[in-house]
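The values are calculated or read from the model by the stated rules, or taken from the named source; none is laboratory data. Remember, it's a predicted structure, so these values are computed and weren't measured experimentally. Here the Cβ is made from the backbone with ideal geometry for all residues, glycine too, and neighbour counts use every protein chain on show.
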Amino acid sequence: MELHAIGIDLGKTLFHLVGVDAIGNVVVRKRCSRTSLLAFTGNLRVNRIGMEACAGAHFLARCLREQGHDVRLMPAQYVKPYVKTNKSDYIDDEAIAEAVQRSNMRFVPIQDRRATGPAGRSSRTGTLGSPPNGRGQSDPQPFIGTWANTSQGTLAC
C-alpha cells in the first residue's frame, strides 16, 4: 500500500494512525498496539510520517527511521491549528497528517538514544529508577532496552 502521509497519535498502550493520499483524502484509519504498529508500517510505502513530539515519540521515530521512513516530529502547539472539530484520536491524527505535509512547518530533531535517557527514570529524584548518587542526581547510564516482544523476537531500537 502506498500513502502520501501518516499521522500517528501516541498513547500508553494503543496508537491511532490515519493515512492520507496525495489529494488529502483519508485512506486508512487504524488502531494499533505497540507490536502491530511497526509490523504495519514495515509493509507501507509512505512519503512522510508525522507525530507530536514527546518522550516516547523519539523512540518510535528511531524505530520507524530504521525501517526507511521519513519521520518528522512536531510540537503539539503547531499541530493544534489543523484540528478541524472536537477532540478525538482520529481527528488529531488527521491534523498531524495535514501538518506534516506543510512546507513551512517547524520540526523537532529526533534525539538519539543517549539524549533521551533511560526510560521510566526521573533525573532529579531517581524515584522511578535507581537511587540518587548522593549529589541529588541519578547516575547517567546509556539507554539499552527493548520495546516489545513479538513472535519473531524482540523489537529494539
Original post:
Scanning for something in contact with a helix residue (DSSP H, G or I) (Cβ under 7 Å, 6 or more places away or on another chain), within 19 Å of I110 (Cβ to Cβ) and surrounded by fewer than 19 Cβ atoms within 10 Å (Cβ to Cβ), does the stretch 22-40 turn up at least one residue?
Top reply: no
Subject >> Residues within the stretch 51-87 that are assigned to a helix (DSSP H, G or I), surrounded by 14 or more Cβ atoms within 10 Å (Cβ to Cβ) and aliphatic (A, V, I, L, M), tallied >> reply: 5
**OP:** Would you be able to say whether some residue in the stretch 115-133 is within 20 Å of the chain's Cα centre (by Cα), in a helix (DSSP H, G or I), surrounded by 11 or more Cβ atoms within 10 Å (Cβ to Cβ) and modelled with pLDDT of 85 or more?
**Re:** no
Subject >> Residue that is in contact with a Lys or Arg (Cβ under 9 Å, 6 or more places away or on another chain) and in contact (Cβ under 8 Å) with a residue 40 or more places away in the chain, where the choices are L44, L10, L3 >> reply: L3
Original post:
If you scan the stretch 1-47, which residues turn out to be assigned to a strand (DSSP E or B) and charged (D, E, K, R)?
Top reply: E2, D9, R29, K30, R31, R45
Original post:
R106 is checked against (1) touching a helix residue (DSSP H, G or I) at 6+ places or on another chain (Cβ under 7 Å); (2) buried (at least 17 other Cβ atoms within 10 Å of the Cβ) and fails just one. What number does that condition carry?
Top reply: (2)
